[in-house]
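These notes are about the structure you will find just below.
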Amino acid sequence: MALTPIVLALSAAGEPTARRVAEALGCPLHGRAGRTQAEITFPDALAHARDLFAAGHAVVGVCAAGILIRAVAPLLSDKTAEPPVLSVSDDGAVVVPLLGGHRGANRLARRIAEALGATAAVTTAGDVALGVALDEPPAGWALANPEHAKPVMASLLQGGGARIAGELPFDLPAGGSVEILGTEAPAEGDPARLVYHPMRHVLGLGCARDADPEELWENAQAVLAEAGVAPGAVAAVATVDLKLDEPAMHAVAARLGRPLRAFAPPELAAIEVPNPSEVVRAEIGTPSVAEAAALAVAGGVLVHPKRKTAMTTAALARAADPITAPKGRGRGRLSIVSLGPGQAAWRAPEASRLVQEAEELVGYGLYIDLLGPLAAGKARADFPLGGEEDRCRHALERAGEGRNVALICSGDAGIYAMGALVYELLARDPSDLSAVSPAARRVEVLATPGISALQAAAARIGAPLGHDFCAISLSDLLTPREDIVRRVTAAAEGDFVIAFYNPVSRRRRTLLAEARDILLRHRPAGTPVLLASSLGRPEESLRLRRLDALAVDEVDMLTTVLVGSSQTRTVKTPDGVRMFTPRGYARKMAGGDLA
């Protein structure tokens, strides 16, 4: 998915140029805090540029090229997948595409240069010599054999022209030993022949519930073969929205590398088709799925009527022009995003990418605020503490409308957070009044891992989780008090290192003291205890205590309490006292039995 470019202004001198670039591209401007007047600010240029790059954004920095190079260098791996990175001089005189020539950087550089009256310092050989990048066809066109673009380009750069056949989206010198072919039909490419397909066709598909993906794929292939159309000439796969959760539909779209688009039954019922079915109308409210869906996206004409198999249908429609933005809506997506403790350096690149891709952010307001510039300009739905089910339900229902929604969670969303609640809502019986809608049940749900509070606390103080450990929440809002006491007792008897989550609240002050007293019956009074608060934030606090000196008044809801086992020790290091739980390597080295 191509994400919106972000323009970065690092200094007051370059800010006017950055604003002109952002205005020309119609994209956000992010500015260095304290040095610019940008509404969206960041404190660390290297970290911010790296975060945007990891999330898949094109990054346009009005700054020295070296700053951007140092920022993204640790993330470089695949030039065919990396987003564009461009440097623009403070005075707006020069635009230099640094990375992403295969992903539109050169076109972006020329667009910026035209807006600024600047020079685009394009260095990619093909763009310089020929004015085109053969491995990056324009929107609406597909290169069937990108692996052969390099030898063909090399031949052209050596002075040879090309034999042009069919319709193409660009002009090249004629003659020479290589062929450039534009066709909607299947054609083989090789090191001396590039094949381009205009994406004018839409594959309409229908299927019974839980149809075999292979059956649908084979039917789709048969329709394309019978119509004489190459898979690369397909712009989209289309169906009815009731089938947005069908694995077979997504399997076909994935194998073609094309988006899946859907329409409501009334939308499809309004389209005239040659092969309507009253049986289908009675079942889902439209007499046609495959033919109507194909025409709904392509308009144009039906070039292959409905082809049926036992469980599937397929049809093909052709538009007059290459399709660059397929109509219809995609399957909604809910990303359960784990932020970790909050600071950007501890946030996974995948989490940043899913936030950047999201159209809407949902969560406790403080957690969304922790995203800083990544949240700027996005629609957001803030919910208070205590509104957990409401926020999960809202996120699912918005995704059910076809939106890309991110549910923002601190720590790891699967540990005492919203991950389980999302799936609990999806698991409720549809007849239950508290169940989510059928549309919400069809959304794609993704989850990212995050650094949990127990991991962050352990890393800050040493290695207290070096041996067996467990986590127990002391909140009795959702768990009966007697269950909590039973679990604490079992963990104490088992001699586990224990991470206590939700240790106290304003009204709940006794369970932590009760847990302390239970533990003192099973491990030494001097057992080390860590009180870790606001981890990863400027106000972070780490305090080591003895178990018998653990005081409830030192703890609040932002504190994670790590209680050592009977084996946990402390050691004084040049950087302070550290807490660790030995695994038993000393006994292993002495020849002990670890079984």
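Which of the residue pairs LYS79/LYS327; LYS150/LYS306; LYS150/LYS378; LYS243/LYS327 have a Cα-Cα distance greater than 28 Å in the structure shown?
Pairs exceeding the cut-off: LYS79/LYS327; LYS150/LYS306; LYS150/LYS378.
With semi-axes √(5λ) of the Cα gyration tensor in Å defined as stated, name the option among (1) 39, 31, 22; (2) 50, 25, 21; (3) 52, 34, 22 computed from the structure displayed.
It is the one labelled (3).
Quick one: which residues, 5 or more positions from VAL240 or on another chain, have an amide H under 5 Å from its amide H? H modelled 1.01 Å from N in the peptide plane, none for Pro or chain starts.
PHE263
Tell me, what is the percent relative contact order of the chain, built from C-alpha pairs under 8 Å that lie six or more residues apart?
Relative contact order comes out at 8 percent.
So who's got an amide H within less than 5 Å of the one on ALA381, skipping anything under 5 residues away but keeping other chains? H placed 1.01 Å off N, in plane.
Distant-sequence amide H within range of ALA381: LEU361, VAL362, GLY363.
Against the longest principal axis of the chain, how steep is helix 45-54, in degrees 0 to 90 to the nearest 10, with axes from Cα atoms?
That helix lies at roughly 60 degrees to the long axis.
Mind pulling the angle between the C-alpha long axis of helix 247-256 and the longest principal axis of the chain? Nearest 10 degrees, somewhere in 0 to 90.
Long axis of 247-256 versus the principal axis of the chain: about 60 degrees.
Treat each spin label as a single point 7 Å out from the Cα along the C-beta direction, and report the ARG209 to GLU283 distance in nm.
With each label placed 7 Å out from Cα toward Cβ, I get 1.1 nm.
Quick check: convex hull over the Cα atoms of the range 1-86, volume per residue in Å³, rounded to an integer?
Numbers: hull volume 7.3 nm³, N = 86.
In the range 1-86, the Cα hull volume divided by residue count equals 85 Å³.
Please return the longest stretch of the chain lacking exposed loop sites, where GluC sites (Glu not before Pro) count only if DSSP places them in a loop and at most 12 other Cβ atoms lie within 10 Å.
Here the longest segment lacking exposed loop sites spans 273-538.
Report, by chain and number, residues whose modeled amide H sits under 5 Å from the one on ALA230, excluding near sequence neighbours (fewer than 5 apart, same chain).
Residues meeting the criterion, in which the H sits 1.01 Å from N, are ALA185.
What is the helix-to-structure angle for 418-427, meaning the angle in degrees between its Cα long axis and the longest Cα principal axis of the chain, kept from 0 to 90 and rounded to the nearest 10?
It is inclined by approximately 60 degrees.
Using just the Cα positions, wrap the range 333-451 in a convex hull and report its mean projected area in square nanometres, one decimal place.
The Cα convex hull of the range 333-451, projected and averaged over all directions, gives 6.5 nm².
Test of the criteria: in the range 1-105, which trypsin sites (Lys or Arg not before Pro) are in a DSSP loop and have at most 13 other Cβ atoms within 10 angstrom of their Cβ?
Details: sites: ARG19, ARG20, ARG32, ARG35, ARG50, ARG70, LYS79, ARG103; in loops: ARG35, LYS79.
Here the sparse-neighbourhood loop sites are LYS79.
Counting DSSP beta bridges with both partners in the chain, what percentage is antiparallel, nearest 5?
Here the share of antiparallel DSSP bridges comes out near 40 percent.
Roughly what % antiparallel, to the nearest 5, for the DSSP beta bridges in the range 1-151?
20 percent
What is the spin-label model distance, in nm, from MET311 to VAL552 if the labels are put 7 Å beyond Cα along the C-beta direction?
5.9 nm
Which of rounded, prolate, oblate describes the range 275-405, given a ≥ b ≥ c as roots of the alpha-carbon gyration tensor eigenvalues and a/c under 1.5 marking rounded, otherwise prolate only if a/b is larger than b/c?
Values: a/c = 3.47, a/b = 2.27, b/c = 1.53.
Since a/c reaches 1.5 and a/b is larger than b/c, the shape of the range 275-405 is classed as prolate.
As an exercise, use a Förster radius of 51 Å and the Cβ-Cβ distance of ARG543 and LEU426 to find the FRET efficiency, rounded to the nearest 0.05.
Efficiency computed from Cβ-Cβ geometry: 0.80.
Taking the Cα centre as origin and putting +1 on Lys and Arg beta-carbons and -1 on Asp and Glu beta-carbons, what dipole magnitude results for the chain, to the nearest 20 debye?
With Lys and Arg at +1 and Asp and Glu at -1, about 1480 debye.
Every number here is computed from the coordinates shown, using simple stated rules; none is lab data. Small disclaimer: the values here were computed from a predicted structure and weren't measured. Here the Cβ is made from the backbone with ideal geometry for all residues, glycine too, and neighbour counts use every protein chain on show.
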